[in-house]
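S.K.: Before I ask anything, here is the structure I am working with.
Any read-out appearing in this document is the output of simple, stated calculations on the displayed coordinates, not a laboratory observation. None of these values were measured; they are calculated from a predicted model. Neighbour counts are summed over all protein chains in view; Cβ atoms, including those assigned to glycine, are modelled from backbone coordinates with ideal geometry.
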Amino acid sequence: MLSYITCFYRFVQPHWTEGELVSLRERLLFHGRQHKLKGLILLSGEGINASFSGTPQAIEATKTWVRNDLGWQDVLFKDSVSHEPPYLKYKVQFRDEIVTMGTPGFTPETVTNNHLSPAEFHKLMLQKDTVTLDTRNDYEYEIGKFKGAINPNID
């Protein structure tokens, strides 16, 4: 049976207060339980990093909820499927950072993302002056890596 997975992240300016974080965590927990989601959502003052799985209907309902009820119309979701369930539980946890860089409170100057399509990425990989920095954690890096990528050894 296939597991349907989606993930997204969002940096926020100004940073969320402790009260806003607690309120958002409760809303996320309620929604996740209501739709029987499994996964991990990280919250910090700087934003949110979410990865979860569920039925196709639950994933679509959650995307709609994130865009409409939370008001994040510009969120880019990354979807995938797995033959094995990737998560056993549904958790929403507070962290110092949503992407571990060792600089809590850091927020990019712009929230605009410059994403490449697979074709654009492949074209760049063929150029001799392209350097690829693989910023996945050590576990993910060991599962699969891009040829010639630099591993910054992220825990």
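S.K.: Only loop residues by DSSP count here, and only those with at most 15 other Cβ atoms within 10 Å; note down the trypsin sites (Lys or Arg not before Pro) in region 19-65 that meet that.
M.R.: Details: sites: Arg25, Arg27, Arg33, Lys36, Lys38, Lys63; in loops: Lys36.
Hits after loop and neighbour filter: Lys36.
S.K.: How far apart, in nanometres, would the label points at Asp69 and Gln57 be if each is projected 7 angstrom from Cα along the Cα-to-Cβ direction?
M.R.: Spacing of the two 7 Å Cα→Cβ label points: 1.6 nm.
S.K.: Shifting gears a bit: Beyond 26 Å, what share of the Cα-Cα pairs of the chain remains, rounded to the nearest whole percent? Kindly include the intermediate steps, with their values, before the conclusion.
M.R.: On the way: 4053 of 11935 pairs.
Across the chain, Cα pairs with separations above 26 Å total 34 percent.
S.K.: Note down the relative contact order for region 1-154 as a percent, whole number, built from C-alpha pairs under 8 angstrom at least six residues apart. It would help to have the intermediate numbers written out before the result.
M.R.: Numbers: 220 pairs, mean separation 42.1, N = 154.
After rounding, I find 27 percent.
S.K.: Now a separate question. Please work out how much length the chain gains when fully extended from Tyr139 to His122, using 0.36 nm per residue of separation minus the C-alpha to C-alpha distance, in nm with one decimal.
M.R.: On the way: separation 17, 0.36 × 17 = 6.12 nm, distance 2.37 nm.
Separation in residues times 0.36 nm, less the Cα-Cα distance, equals 3.8 nm.
S.K.: If R₀ is 41 angstrom, what is the calculated FRET efficiency for the pair Met1 and Ile150, using the beta carbon separation as r and rounding to 0.05? If you can, show how the numbers build up before the last one.
M.R.: Values: r = 37 Å, r/R0 = 0.91.
Efficiency for this residue pair is about 0.65.
S.K.: While we're on this one: Excluding residues fewer than 8 places away in the same chain, name every one of the lysines whose C-alpha is closer than 21 Å to that of Lys91.
M.R.: Cross-link targets: Lys36, Lys38, Lys63, Lys78.
S.K.: Need one number: % antiparallel among DSSP beta bridges in the chain, to the nearest 5. Intermediate values should be presented prior to the final figure.
M.R.: Numbers: 20 of 27 bridges.
So the antiparallel bridges in the chain amount to around 75 percent.
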